[in-house]
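The values are calculated or read from the model by the stated rules, or taken from the named source; none is laboratory data. These numbers come from a predicted model, not from an experiment. Positions of Cβ are generated from backbone atoms using ideal geometry, with glycine treated the same way; all protein chains shown enter the neighbour counts.
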Amino acid sequence: MEQRIEGRLITPMRGRFKGVGQNQVVDPFYQEINPERLKIYQRYLDALFTVIDVDNYTRWASRQNFDREKLSKQDRLMDRLFREDASMRGLSPDYLHTMINQYFFADPELRKRYKRSWAETVVYRRRTKSFFLNGISVQSKLDDGRDREG
């Protein structure tokens with residue numbers, strides 16, 4: 001059965017990443033995510049969007065002036081939520097951390113369109129140029145930042 005999103009033909013997900021459309025690929029960083037878990041990751045991201053200052057993180061990601069104290073406090077909150085709450089729910093803290101940072105680094109106008117399906121958007125990337133960094137690139141940026149701080 002054909003499905004269309006925004007006028008584009010898509011292939012429904014079946015099994016473990018089978019049925020990925022011609023224009024989409026699984027980001028290798030997320031290859032271990034079970035497709036059935038994507039909705040749970042998305043619900044967790046939706047909850048995060050309500051408790052963090054996305055604009056402050058966006059300014060940080062684009063190297064503009066941002067509130068360092070607020071960012072530091074919210075980083076600690078997210079880290080605690082990811083390590084304690086998310087992991088108890090069977091979610092990967094590393095995947096969540098990368099997904100949310102992909103959102104911060106993404107084009108602000110385009111990401112709004114995909115906010116409610118962000119988990120699926122980052123896992124099933126387009127073959128063509130995306131408006132956000134892939135998972136491995138984001139993880140590398142985060143690791144580089146930790147190396148400079150520590």
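Of the residues Asp75, Asp46, the single one that is closer than 20 Å to Tyr114 by Cβ and of a type in the set (Asp, Glu) is Asp46. Checking Phe131, Phe104 one by one, the residue that is surrounded by 13 or more Cβ atoms within 10 Å (Cβ to Cβ) and modelled with pLDDT of 90 or more is Phe104 and no other. Taking the criterion of being over 17 Å from the mean Cα position of the chain (by Cα) and of a type in the set (A, V, I, L, M), the only residue of the stretch 48-76 that qualifies is Leu71.
Where helices (runs of 4 or more DSSP H) fall wholly inside the stretch 19-137, the ranges with 2 or more residues that are touching a residue at least 60 places away in the same chain (Cβ under 8 Å) and in contact with a Leu (Cβ under 8 Å, 6 or more places away or on another chain) are 38-51, 118-123.
If you check Val122 against the conditions, is it within 22 Å of Asp79 (Cα to Cα), touching a Gly at 6+ places or on another chain (Cβ under 8 Å) and at pLDDT 80 or above? Explain how you work it out, then say what you get.
Details: within 22 Å of Asp79 (Cα to Cα): yes; touching a Gly at 6+ places or on another chain (Cβ under 8 Å): yes; at pLDDT 80 or above: yes.
Yes, satisfied.
Just to verify a result, which residue in the stretch 46-70, among those that are surrounded by fewer than 11 Cβ atoms within 10 Å (Cβ to Cβ), touching a helix residue (DSSP H, G or I) at 6+ places or on another chain (Cβ under 9 Å) and not polar (S, T, N, Q), is nearest to Glu120 (Cα to Cα)? Applying the filter and picking the extreme gives Val51. I'd like the full set of residues that are buried (at least 18 other Cβ atoms within 10 Å of the Cβ), over 15 Å from Tyr57 (Cα atoms) and not β-branched (Val, Ile, Thr), limited to the stretch 107-128. Residues satisfying the conditions are Trp118, Ala119, Tyr124, Arg125.
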